[in-house]
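Heads up: the structure comes next, in structure tokens.
Please treat every number below as a calculation from the coordinates, not as lab data. The model shown is predicted, which means the values in this text are computed figures rather than measured ones. Cβ sites come from the backbone with ideal geometry, for glycine too, and all protein chains shown count toward neighbours.
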Amino acid sequence: MTSPDDIVVVLGTRPEAIKLGGLCRAAGDRARVVHTGQHYDAHLWYDVVDDLAGVSIATSIEIGGRSRGEQIGSAVEQLTRYLHRHPARCIVVQGDTNSTLAGALAASSLQIPVVHVEAGLRSHDRSMPEEMNRILVDAVADLCCAPTPTNAEQLQREGVGGERVVVTGNTLAGALNHLLPAPEVREDIVARAGLPIDGYILCTIHRAGTVDDQQRLTAALCAVGAMSDRAPVLLPMHPHTAHNVRRWKLESLLEGLRVVPPMAPREFLAFEAGAAMIVSDSGGVQEEACFLRRPLVVLRDSTERPELLDGWCRLVGTADPGEVLARAWADLPDWRNALRTRPFPYGTQDASACILAEISRRWPAR
Ligand code: UDP
């Protein structure tokens, strides 16, 4: 049974499920989760849902495996139909995916209030589809939940301000409290993989900007491959990356790397917490590295999380990724030391509770 007092949470991908799990659990029966099917791979989705114990998917639509425009169009159409039949008090979307944008557009077309979790992040790189999604969702959202004051200031500069913006902190802190295994369990997970704590590099590569360009993907894999002379490199391979490695016959660049399937969130967090260094083009991994105080090299030219450039992570930028990685490795002892005391950029609030309180204040249940 659905109620117009429900809070509909639209999720499409692994990071959305991880970052909205706490809000769903805290909202309990009031949350109605709609999965768009953007991620449908068993490793990317079902492992995550398993880890979201307590969050049940109310309904699913299917948009996976298509182009960006087709995904957005199809999701808007299906979500509009769903929300028309099953009205809601408001809709919550998170981040910068095609599902995030589709959820916001569908709700907005029916004048259902839109809540954007992780508002105001900007890479200022308009070639990134994620950047377009962020800008469009913030333009539509009735409540923009900015993780940091910097994000709120960015919204203000774009004319999104006043009552529409609240600094809530980052929902990732709650997610880590829920998902991060205890230290002895983490050590056991890493030891069973035959890796020394603090003695390996963890790598993820999956963003369209990296893996849909043969040259960039080749450069990233070569740079990471060269690091395997210094330490074992563990690479949980995203299905999209695996597809393009096969497509361009780049398998030889994986020799020397420990390539494994994508991991369930708890397992992945254990490897993040024990890594000497993390190398990734992911958004969420940037925040996790910060929470876990692990050095991270971001395999990108820009980041939408500028507060993390203040010593938390290093951007590969336009330079040769191999050179940046080698330099970062050489600097590790000092870098690790500096991370121990760096002031934390995301505050101490319980972001999910703060967002739910704002929702109740603005749109109380009848
Ligand atoms: N993650 C995971 N298993 C993996 C790799 C990543 O559970 O094998 C998690 C990771 O802990 C983080 C999230 O996936 O919470 C990041 O998602 P992703 O890198 O796919 O997307 P982005 O954050 O770049 O949007």
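Given R0 = 35 Å, the distance between the Cβ atoms of Ala182 and Arg230 translates into a calculated FRET efficiency of 0.75. Restricting the range 228-285 to trypsin sites (Lys or Arg not before Pro) that sit in a DSSP loop and have at most 12 other Cβ atoms within 10 Å of their own Cβ leaves Lys249. Normalised by residue count, the range 181-341 yields a Cα convex hull volume of 105 Å³ per residue. If you wrap the range 27-91 in the convex hull of its Cα atoms and look at it from every side, the mean projected area works out to 4.8 nm².
Shown here for the range 190-283: GluC sites (Glu not before Pro) in loop regions (DSSP other than H, G, I, E, B) with at most 11 other Cβ atoms within 10 Å, namely Glu255. Each 20 Å bin from 0 upward holds the following percent of the Cα-Cα pairs of the chain: 30, 59, 11, 0. Summed over qualifying helices (DSSP H, 4 residues or more, each -39500 (n - 2.57)) and divided by its residue number, the chain shows a 222 nm mean residue ellipticity of -13500 deg cm²/dmol. Quick one: net charge of Cys290's neighbours, Cβ under 9 Å, K/R +1, D/E -1? Combined, the nearby Lys, Arg, Asp and Glu give +1.
Positive contributions from Lys and Arg (+1) and negative ones from Asp and Glu (-1), summed over other residues with Cβ under 13 Å from the Cβ of His243, come out at 0. Loop-located trypsin sites (Lys or Arg not before Pro) in the range 99-140 (DSSP state not H, G, I, E or B) with no more than 10 neighbouring Cβ atoms inside 10 Å: Arg126. Each Lys or Arg adds one and each Asp or Glu subtracts one; over the other residues with Cβ under 14 Å from the Cβ of Met263, this totals -2. Summarising the label geometry, the points placed 7 Å from Cα in the beta-carbon direction at Glu163 and Leu110 lie 2.4 nm from one another. The distance between label points at Arg342 and Arg126 comes to 3.1 nm (points 7 Å beyond Cα on the Cα→Cβ vector). Positive end of the dipole of the chain (Cβ unit charges, origin at the Cα centre): among Asn98, Cys144, Ala357, the Cα lying farthest that way belongs to Ala357. In terms of its Cα atoms, the range 45-166 spans 37, 31, 30 Å along the principal axes, sorted from long to short. Each Lys and Arg Cβ is given +1 and each Asp and Glu Cβ -1; about its Cα centre, the range 181-341 then shows a dipole of about 220 debye.
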